[in-house]
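The values are calculated or read from the model by the stated rules, or taken from the named source; none is laboratory data. Predicted, not measured: the structure shown is a model, and the values here were computed from it. Cβ sites come from the backbone with ideal geometry, for glycine too, and all protein chains shown count toward neighbours. Calculation scope for accessible area: heavy atoms of the full protein, side chains included, ligands and nucleic acids excluded. Shrake-Rupley method; radii C 1.70, N 1.55, O 1.52, S 1.80 Å.
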Amino acid sequence: MKILRRILYWVFALFIGTTILAVVVLRFMPVYLTPLMVIRCVQQSGEGRSLKLSHHWVPLEKMSPSMPVAVMASEDANFLRHHGFDYKAIENAAIRNMKHPEKRKLGASTISQQTAKNVFLWPGRSWVRKGFEVYFTALIELMWSKQRIMEVYLNSIEMGDGIYGVDAVAMEHFHTDALNLTRSQCALIAATLPNPRKFSSKNPSDYMRKRQARIEREMKFVPAFPKEGEEQKQK
């Protein structure tokens with residue numbers, strides 16, 4: 001029993017040490033590959049399809065300033081104010097899911113949580129994975145700036161079949177780069193994020209156009225995204 005406790009202690013210590021080190025390193029280094037990218041490539045291979053992995057890392061300052069605003073309007077309006085978890089959104093989602101169990105479950109994941117999941121974890125809905133997500137979300141909120149979290153998020157998020165990040169989807173769907181995306185294009189990209197493999201920013205349906213229009217309206221009430229070291233601007 002004593003040996004087992006020592007083994008568990010060292011396993012726990014190794015986990016804490018390596019995860020903190022990974023978060024510190026990725027505070028400064030570009031994230032070129034994520035677990036989801038690898039999983040999707042394996043799925044493509046298993047289905048007999050040719051591998052597709054379109055991903056170009058670009059710094060936040062080389063993205064359209066409308067892009068962070070669009071994803072906040074779509075995914076996480078309180079991103080600049082919370083510390084990784086939007087407890088009011090979680091409460092509202094829980095109430096709605098209890099009142100309407102027959103409908104699709106409403107989530108309340110913040111941009112910080114999605115970044116932690118995309119970079120460090122695998123897709124899924126188990127309690128174990130959710131526990132790891134909470135842990136990594138707390139770590140990146142503690143060690144990264146909001147600008148770094150947004151930069152990694154916009155570079156690693158899945159935005160189509162085999163497409164990851166803003167610059168890749170800009171080139172694949174709009175024949176431009178991340179910096180020159182229009183406000184409307186940013187809203188359309190953000191509109192796909194609930195399910196980018198189902199919803200397309202290249203060939204948007206009427207439903208997608210309605211989501212795009214709603215996001216553009218919401219963007220008017222979202223503060224401009226501050227640069228590193230700047231104070232949050234209010235609207």
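So that you can scan it fast, the table gives a plain yes or no per residue for (1) farther than 25 Å from LEU181 by Cα; (2) surrounded by fewer than 19 Cβ atoms within 10 Å (Cβ to Cβ); (3) at pLDDT 90 or above; (4) more than 15 Å from the chain's Cα centre (by Cα):
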{"residue": "PRO35", "(1), (2), (3), (4)": "yes, yes, yes, no"}
{"residue": "VAL42", "(1), (2), (3), (4)": "yes, yes, yes, yes"}
{"residue": "SER45", "(1), (2), (3), (4)": "yes, yes, yes, yes"}
{"residue": "SER54", "(1), (2), (3), (4)": "no, yes, yes, yes"}
{"residue": "MET63", "(1), (2), (3), (4)": "no, no, yes, yes"}
{"residue": "SER66", "(1), (2), (3), (4)": "no, no, yes, yes"}
{"residue": "ALA73", "(1), (2), (3), (4)": "no, no, yes, no"}
{"residue": "GLY84", "(1), (2), (3), (4)": "yes, no, no, no"}
{"residue": "LYS88", "(1), (2), (3), (4)": "yes, yes, no, yes"}
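Yes or no, residue by residue, for (1) in contact (Cβ under 8 Å) with a residue 24 or more places away in the chain; (2) in a loop (DSSP other than H, G, I, E, B); (3) touching a Lys or Arg at 6+ places or on another chain (Cβ under 8 Å):
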| residue | (1), (2), (3) |
| --- | --- |
| ILE3 | no, no, no |
| VAL11 | no, no, no |
| PHE15 | no, no, no |
| LEU21 | no, no, no |
| VAL24 | yes, no, no |
| LEU33 | no, yes, no |
| MET37 | yes, no, no |
| ARG40 | yes, no, no |
| SER50 | no, yes, no |
Close pairs from the stretch 133-161: first at positive phi, partner of a type in the set (Gly, Ala, Ser) and open to solvent by 10 Å² or more (accessible area, probe 1.4 Å), Cβ under 9 Å, at least 6 apart: GLY160/SER54; GLY160/SER200
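I'm checking my understanding of the structure. Among residues of the stretch 117-132 that are in a helix (DSSP H, G or I) and within 24 Å of ALA168 (Cβ to Cβ), which one is farthest from the chain's Cα centre (by Cα)?
PHE120
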